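Visitor: Below you'll find the structure I mean.
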Amino acid sequence: MSEAGSPRRDFRVLTRRRTGYDGALIIDIQLQIAATGALVWSRSFSDEAQADGFESELQQDLDLLDDSGFRRKYGVPASA
């Protein structure tokens with residue numbers, strides 16, 4: 001799918017790693033509006049493999065799904 005028809009033109013993914021309680025690693029995966037950086041949603045993981053898998057799927061879906069399919073799968077409101 002071309003970028004013009006994909007959600008990638010409207011959204012970007014930001015991944016942040018931080019330290020939680022007792023030194024645990026927390027990985028936050030955020031979906032942001034590309035033009036403004038406004039946060040659409042954030043998902044937090046304590047398991048690095050789960051976070052990596054989710055991020056990989058999300059990145060692929062930005063390229064493979066059409067806009068409505070992406071919004072439906074990831075619960076992105078029409079106002080975003």
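The values are calculated or read from the model by the stated rules, or taken from the named source; none is laboratory data. This structure is a prediction, so every number in the text was calculated from the model and none was measured. Positions of Cβ are backbone-derived with ideal geometry, glycine not excepted, and every protein chain shown enters the neighbour counts. Just the protein is used for accessible areas: all its heavy atoms, side chains included, with ligands, DNA and RNA removed. Shrake-Rupley method; radii C 1.70, N 1.55, O 1.52, S 1.80 Å.
Visitor: Step by step: first the residues of the stretch 17-35, then only those that are free of Cβ contacts under 8 Å to residues at least 24 places away in the same chain and either touching a helix residue (DSSP H, G or I) at 6+ places or on another chain (Cβ under 7 Å) or under 22 Å from Lys73 (Cα atoms) (or both), then the one that is most open to solvent (accessible area, probe 1.4 Å). Which residue is that?
Guide: Selected residue: Leu25.
Visitor: Can you name the residue in the stretch 45-76 that is open to solvent by 70 Å² or more (accessible area, probe 1.4 Å) and polar (S, T, N, Q) and is also farthest from Pro7 (Cα to Cα) among such residues?
Guide: Result: Ser46.
Listed here are the residues, each with its yes/no results for (1) touching a helix residue (DSSP H, G or I) at 6+ places or on another chain (Cβ under 9 Å); (2) at negative phi.
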position: Leu14; (1), (2): no, yes
position: Gly37; (1), (2): no, no
position: Leu65; (1), (2): yes, yes
position: Gly75; (1), (2): no, no
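Visitor: Conditions: (1) more than 19 Å from Arg8 (Cβ to Cβ); (2) part of a helix (DSSP H, G or I). Leu62 meets all but one. Number of the miss?
Guide: Here Leu62 meets the rest and fails (1).
Visitor: One residue is enough: does the stretch 1-14 have a residue meeting the conditions touching a strand residue (DSSP E or B) at 6+ places or on another chain (Cβ under 6 Å), open to solvent by 40 Å² or more (accessible area, probe 1.4 Å) and of a type in the set (Ser, Thr, Tyr)?
Guide: No: zero hits.
Visitor: Which of the residues belonging to the stretch 31-80 are at pLDDT below 95 and aromatic (Phe, Trp, Tyr)?
Guide: If the condition is that a residue be at pLDDT below 95 and aromatic (Phe, Trp, Tyr), then no residue fits.
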